[in-house]
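Asks: Just passing along the structure, written as structure tokens.
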Amino acid sequence: MQLGKYSLGIGDRFSHQGVAQLRAIMKANRAGVDVSPVWNKSNREHTYVHSHPADVRQEADAAVAKLGFTGKYFVDADHINLGTVAPFVGTADFFTLDVASFIGKESPVEAVNAFVASCSKYIGKLTIPGIDHPIEVTEELLVKIAGKFLAATQQASEIYSFLKEKKGEGNFITEVSMDEVESPQTPVDLFFILKMLADKGVPAQTIAPKFTGRFNKGVDYTGDVAQFAKEFEEDVLVIDFAVKEFGLPAELKLSVHSGSDKFSIYPVMAAVIKKYNKGIHVKTAGTTWLEEVIGLALAGGKALDAAKFIYTEALGRKDELCAPYADVIDIDAGKLPSKEEVASWTSEKYANTLRHIPGHPDYNPNFRQLIHVGYKVASEMGTTYTDLLKAHADVVGSCVEENIYDRHLKRLFNL
Ligand SMILES: [Zn+2]
């Protein structure tokens, strides 16, 4: 099973927007970009909204049937580990092996020594084609890299072996993710991580490193764009070299997590993948949920009331809702509107405050991030919430489609 060159992770908290999401993908396909949809949902999300992995498969299959989509599509068991993978085995065909928590765990001395010995040919000046400065590789550096990543890659190999036994070799896509950590992995780290994965027989088709800068949920990238550009380009070159050097799958590409809304780095990514004719996978999960709230606000009446209720509740429960996302949100509480203020808002005012249009006078990234983590409130509303989604499917669906196509795909692929 092979992932296409370009793919977009489209998470959907409440599983109602599959058709609207697929419409956006098909629009890009018609515009000449063969991008495959990957419906992704993590165990964490399933827990919060009380959904089951099988629901995602049903949603994807139903959307594909409804629109007569004939391209490749996938269902991603996002951020799974050995403890959480089991319920996904039957219905997912893309597995994101999250080994971030194994970074820095100790490995047996023999394993470290064997790895360092296997890298002896790289000691000295390592030249990666396309990167103009050679990398100084020393035995100390190799020991340090092994100390950081050997246990994590070993864990990836254990999850992969489990899946291979359950699903059969070649019947699923493997992604390895290390993105949910504090410190970024450098291009040199990535080179040796890929060697470890190859040594352990993990046929990764995508790899999600932690890039430099902050990838806060639902808002733009914060960080040094020039530094990101340099590292992203070097990562692409490292992967190209590693594929040939270590015999990894030829289609291996970068996966950008929390990739929605990172508008200021989209031109960088677009230029680099075009320059080297490389693929990319971008995950955009929560951005669709935000469009549901925008759509409900625009629908007015009870739906606007529900959108206001979600904000008011989230504001009152800010600490509780933000806690699981502490590392990936930055809310300036002083810039959050009061519930009284929001109560007086029109549909347009609410939608414009939440919608991600950089530079729009009403856009408020603090409001947006709080709603982002507020999906638990909607989940608690149960059918009150999902009935509103059904009643206003047209307006909500067009918000979802416009967001994915106009704000994401167009920027990512220069459409
Ligand atoms: Zn991730």
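The values are calculated or read from the model by the stated rules, or taken from the named source; none is laboratory data. The structure displayed is predicted, hence computed values, not measured ones. All Cβ positions, glycine included, derive from the backbone under ideal geometry; neighbour counts span all protein chains shown.
Asks: For residues that are assigned to a helix (DSSP H, G or I), touching a residue at least 40 places away in the same chain (Cβ under 8 Å) and of a type in the set (Asp, Glu), tally how many sit in the range 134-191.
Replies: The number of residues fulfilling the criteria is 2.
Asks: Continuing with the same structure: Looking only at the range 157-189, which residues are within 27 Å of residue 227 (Cβ to Cβ), within 16 Å of the ligand (Cβ to nearest atom) and surrounded by 20 or more Cβ atoms within 10 Å (Cβ to Cβ)?
Replies: 175, 176, 177, 178, 179, 185
Asks: What number of residues within the range 215-236 satisfy the criterion of being under 14 Å from residue 194 (Cα atoms) and surrounded by fewer than 19 Cβ atoms within 10 Å (Cβ to Cβ)?
Replies: 0
Asks: Ok, one more. Can you tell me which of 17, 2 is more than 25 Å from residue 176 (Cβ to Cβ) and not aliphatic (A, V, I, L, M)?
Replies: From the options 17, 2, the qualifying one is 17.
Asks: Residues in the range 39-86 that are modelled with pLDDT under 95 and among the polar types (S, T, N, Q): how many?
Replies: 4
Asks: Among the residues in the range 221-240, are any within 23 Å of residue 11 (Cβ to Cβ), within 16 Å of the ligand (Cβ to nearest atom) and not small (Gly, Ala, Ser)?
Replies: yes
Asks: Does residue 264 meet the test of being of a type in the set (S, T, N, Q), under 30 Å from residue 397 (Cβ atoms), surrounded by fewer than 18 Cβ atoms within 10 Å (Cβ to Cβ) and in contact (Cβ under 8 Å) with a residue 40 or more places away in the chain?
Replies: When the stated conditions are applied, residue 264 passes them.
Asks: Considering only the range 8-19, I want to know if a residue exists there that is hydroxyl-bearing (Ser, Thr, Tyr), without any contact (Cβ under 8 Å) to a residue 60 or more places away in the chain and part of a helix (DSSP H, G or I).
Replies: no
Asks: Given the conditions (1) surrounded by fewer than 23 Cβ atoms within 10 Å (Cβ to Cβ); (2) small (Gly, Ala, Ser); (3) in contact (Cβ under 8 Å) with a residue 60 or more places away in the chain, report the number of the one that residue 301 does not fulfil.
Replies: Result: residue 301 fails condition (3) only.
Asks: Please go through the range 256-306 and give me each residue that is of a type in the set (Asp, Glu), farther than 23 Å from residue 177 by Cα and either under 22 Å from the mean Cα position of the chain (by Cα) or assigned to a strand (DSSP E or B) (or both), ordered by number.
Replies: Once the filter is applied, which keeps residues that are of a type in the set (Asp, Glu), farther than 23 Å from residue 177 by Cα and either under 22 Å from the mean Cα position of the chain (by Cα) or assigned to a strand (DSSP E or B) (or both), the range 256-306 yields 291, 292.
Asks: Restricting to the range 246-260, name every residue that is in contact (Cβ under 8 Å) with a residue 24 or more places away in the chain and more than 16 Å from the ligand (Cβ to nearest atom).
Replies: Passing the criteria: 246, 247, 248, 249, 251, 252.
Asks: If you go through the range 195-215 one residue at a time, how many are under 15 Å from residue 245 (Cα atoms) and within 20 Å of the chain's Cα centre (by Cα)?
Replies: 2
Asks: Pull up the range 87-98, narrow it to residues that are touching a Phe, Trp or Tyr at 6+ places or on another chain (Cβ under 9 Å) and either assigned to a helix (DSSP H, G or I) or within 14 Å of the ligand (Cβ to nearest atom) (or both), then point me to the one that is nearest to residue 178 (Cα to Cα).
Replies: 97
Asks: Checking the structure you have, find out if any residue of the range 13-20 is within 22 Å of residue 412 (Cβ to Cβ) and in contact with a strand residue (DSSP E or B) (Cβ under 6 Å, 6 or more places away or on another chain).
Replies: So far as the range 13-20 goes, no, none of its residues is within 22 Å of residue 412 (Cβ to Cβ) and in contact with a strand residue (DSSP E or B) (Cβ under 6 Å, 6 or more places away or on another chain).
Asks: Going residue by residue through the range 106-118, is there one that turns out to be within 16 Å of the ligand (Cβ to nearest atom) and buried (at least 18 other Cβ atoms within 10 Å of the Cβ)?
Replies: No, the range 106-118 has no match at all.
Asks: I'm trying to understand the selection: among the residues of the range 205-219, which are out of contact with any Asp or Glu (no Cβ under 6 Å at 6 or more places or on another chain) and more than 14 Å from the ligand (Cβ to nearest atom)?
Replies: Listed by number, the list holds a single entry, 213.
Asks: Out of the residues in the range 49-80 meeting the condition of being out of contact with any Leu (no Cβ under 8 Å at 6 or more places or on another chain) and assigned to a strand (DSSP E or B), tell me which one is farthest from the ligand (Cβ to nearest atom).
Replies: Across the range 49-80, the extreme among qualifying residues is 75.
Asks: Continuing with the same structure: Among the candidates 342, 328, single out the residue that is of a type in the set (Val, Ile, Thr), within 16 Å of the ligand (Cβ to nearest atom) and outside the structural domain of residue 181 (by TED's automatic domain parsing).
Replies: Testing whether each residue is of a type in the set (Val, Ile, Thr), within 16 Å of the ligand (Cβ to nearest atom) and outside the structural domain of residue 181 (by TED's automatic domain parsing) leaves just 328.
Asks: Among (1) under 27 Å from the mean Cα position of the chain (by Cα); (2) modelled with pLDDT of 95 or more; (3) not acidic (Asp, Glu), where does residue 415 come up short?
Replies: (2)
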